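Written below as C-alpha cells is the structure these notes are about.
Where a number appears in this text, it was derived from the coordinates with a stated rule and is not lab data. Remember, it's a predicted structure, so these values are computed and weren't measured experimentally.
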Amino acid sequence: MRRPRGRGQCGKRRCCVSKVDVLYASLKAAHLLAIVVWIGGMFFVLAFLRPAAAATLEPSSRLALMHATLKRFFDAVTIAALVALLSGAAMLGIARAAAVRAGLAFNMPLDWYAMVGLFVVMVAVFAHVRLALFRRLARAVADKRWPDGAAALSAIRWEVTLNLVIGVFIVVMVRLGGTA
C-alpha cells in the first residue's frame, strides 16, 4: 500500500505516525489483550472446563483440578487487571494531553465513564472471589472436605458468571459506543 505524498504531521516529506500514536496503539493492544485473557478465561472455565470436569471426574479429582486451574487463572487475571488498569489510565492521560495541546477541555465520553465504573465493580468481584471464596476452596481441598469445596466452587461460579456478564456488556457497550 502506498503512503500519501506531501507534508505529514512531523513536517517531513512523507506522512508519518507520531510516537504518541504508536504508544497509544500499543497501550490499546495491551489493554485489549488483557481483557481477552480475563473474559476469554472466564468463558472457557464456565462453558468448557467446569462441565467437562463435572461429567468425567469424581468430586475429589474435580475439586483438585478446579483448584489448580483457578489458581493459575487467578494469577493471570491479577496481571491482566493490572495491565488493563495501567494501560487504560495511560490512554486517558494521552487523550487528555491531546485535548489540552489542542486548547480544548477534556470531556471523557460517557461510555468511558461506564467502562471505568464497571471495571471497578469487576475488580471488586474478582477480589472477593480471589481473597475469600478461593481461599475457602483451597482450605476445603487441603482438608479433603469435598462438600465444603463444592459449595465454595459453586459460589465462585456464580461470581465469575456475574463478572463474565459485566465484561461482555462492557465490550458490547464500548464497541457500539464507538469512542474507545
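One table, with the values for the structure above:
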item: Between helix 59-101 and the chain: long-axis angle, C-alpha atoms, 0 to 90°, nearest 10; result: 20 degrees
item: Span from the region 79-125 Cα centroid across to the region 144-180 one, whole angstrom; result: 22 Å
item: Choice from 28, 71, 19 with maximal GNM fluctuation in the chain (Cα, 10 Å cutoff); result: 19
item: Relative contact order computed over region 19-177 (Cα-Cα under 8 Å; 6+ residues apart), in percent; result: 32 percent
item: Helix-only mean residue ellipticity at 222 nm for the chain, each DSSP H run of n ≥ 4 adding -39500 (n - 2.57), per residue, nearest 500; result: -26500 deg cm²/dmol
item: Choice from 20, 141, 168 showing the highest fluctuation, given a GNM over the chain with Cα pairs closer than 10 Å; result: 20
item: Cα pair count fraction exceeding 24 Å, expressed as % - the chain; result: 50 percent
